[in-house]
């Protein structure tokens, strides 16, 4: 089967990544966010020339990959593209894959969560497996990781902008897919420094650092891994400026913190509603927030800084009023987005939304004064939004990877203006501690919150 010739014009650094892995059938492209690993991965798949190709990605990225593959490869008659999240297309893909005499090259796109629930995928053979955001299989004990590690592809392509975040212990499962059959015990012994510490009466192994890192990267390169930063690619991106926007929390915050329970009246936020008809009567305006667990206490403390905080909506309105430029707004909760949308609509600004339920980017694409709301889980990890150069963080994520990747949505190849990031924060509250952990490239988890609770000041 003769390979199809690509119609894609690659950047020099993208071609370099392909050249470095020439002749290898198991590869990893750990390219910094914005360097176009999507094209590098799909071009490598084309070069490998398998008739059957299986692409696994995040649920929020399925449609992006379908569009990318359809536009750049289906239209050029390279592959037939199947959306394997749809039952009929999943069945068509599997039928075509099993037909030995079928000459059509096929590519199926499916998300991680569905993969391990489709046991029939284990019957595939002679195929190319491509994993987008391959760091998602870092926990070798998770169901999806076990399932993917149990597949039997001829070729493997791993794609990630942040494969480890500097945490090399998380690379082991990806090493296995690359064909490096080093045991986990030996991997840790050679590259991970640890010590035993006692916490809360229990002894556990704590990672204190790493060793032989240059040797590790050299070994990974032998197995087809390419590490490339923006600087390595010789690309100078515009300056980034981080601007804190400070305001007090909702007046109920400190009472809630002391007593773990508080009643709030959301009618104080009425001026920020989309319209009165949308929310109906005020029967549910009274809400009781009960922080009886560490999780609920953290959740409601965050919401009293953002979602239920009239000071935040006023600050948001002022930011939007200050510019006619395109704006990107990252948020966590649908309700806070609806209130912000009401503010923007009242200004007659066009609105786009990217969430788990909605993908409407028409206003972003066609209106220079548009405001685009992006839910972290739906859009922080991927997407090109360099038509904008300003991001507003209405509320902060709790994961550093979402935080860092979200910044790259505008700070990437094609951006020629300085980028500005406005992050909203209530000083002295749980938000300040969340921001500190994000700066340290840590997730704000239950353990960190427990330590925060112990030292939290009273308002």
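The values are calculated or read from the model by the stated rules, or taken from the named source; none is laboratory data. Treat the numbers as computed from the prediction; the structure is a model and nothing was measured. Using ideal geometry, Cβ is built from the backbone for each residue, glycine included, and neighbour counts are taken over all protein chains shown.
Residue 27 passes every criterion in (1) modelled with pLDDT under 95; (2) buried (at least 21 other Cβ atoms within 10 Å of the Cβ) apart from (1). Might you let me know whether the stretch 193-208 holds any residue that is out of contact with any helix residue (DSSP H, G or I) (no Cβ under 7 Å at 6 or more places or on another chain) and part of a loop (DSSP other than H, G, I, E, B)? Among the residues of the stretch 193-208, at least one is out of contact with any helix residue (DSSP H, G or I) (no Cβ under 7 Å at 6 or more places or on another chain) and part of a loop (DSSP other than H, G, I, E, B), which makes the answer yes. Going through (1) without any contact (Cβ under 8 Å) to a residue 60 or more places away in the chain; (2) within 21 Å of residue 42 (Cβ to Cβ); (3) surrounded by 13 or more Cβ atoms within 10 Å (Cβ to Cβ); (4) out of contact with any strand residue (DSSP E or B) (no Cβ under 6 Å at 6 or more places or on another chain) one by one, residue 108 falls short only on (4). For residue 121, state whether it is under 25 Å from residue 356 (Cα atoms) and buried (at least 19 other Cβ atoms within 10 Å of the Cβ). Answer is no for this residue. Taking the criterion of being within 24 Å of residue 39 (Cα to Cα) and touching a strand residue (DSSP E or B) at 6+ places or on another chain (Cβ under 6 Å), the residues of the stretch 377-420 that qualify are 378, 379, 385, 388, 389, 406, 410, 411. Only residues that are within 23 Å of the chain's Cα centre (by Cα) and at pLDDT 90 or above were counted across the stretch 229-258, and they come to 7. On inspection, residue 405 fails the criterion of being more than 18 Å from the chain's Cα centre (by Cα) and buried (at least 18 other Cβ atoms within 10 Å of the Cβ).
Checking each residue in the stretch 58-96 for being outside any helix (DSSP H, G or I), surrounded by fewer than 19 Cβ atoms within 10 Å (Cβ to Cβ) and at pLDDT below 90 picks out 58, 75, 76, 77.
Pairs are defined by a Cβ separation below 9 Å, a sequence spacing of at least 6 or placement on different chains, a first member in the stretch 126-142 that is in the same structural domain as residue 49 (by TED's automatic domain parsing) and on the phi > 0 side of the Ramachandran plot, and a second member that is part of a helix (DSSP H, G or I) and modelled with pLDDT under 85; the pairs so defined are 133/61.
Where strands (runs of 3 or more DSSP E) fall entirely within the stretch 335-437, those with at least 3 residues that are more than 30 Å from residue 231 (Cβ to Cβ) and in the same structural domain as residue 295 (by TED's automatic domain parsing) are at 351-354, 371-375. In the stretch 342-354, which residues are over 15 Å from residue 368 (Cα atoms) and touching a strand residue (DSSP E or B) at 6+ places or on another chain (Cβ under 6 Å)? Scanning the stretch 342-354 gives 353, 354.
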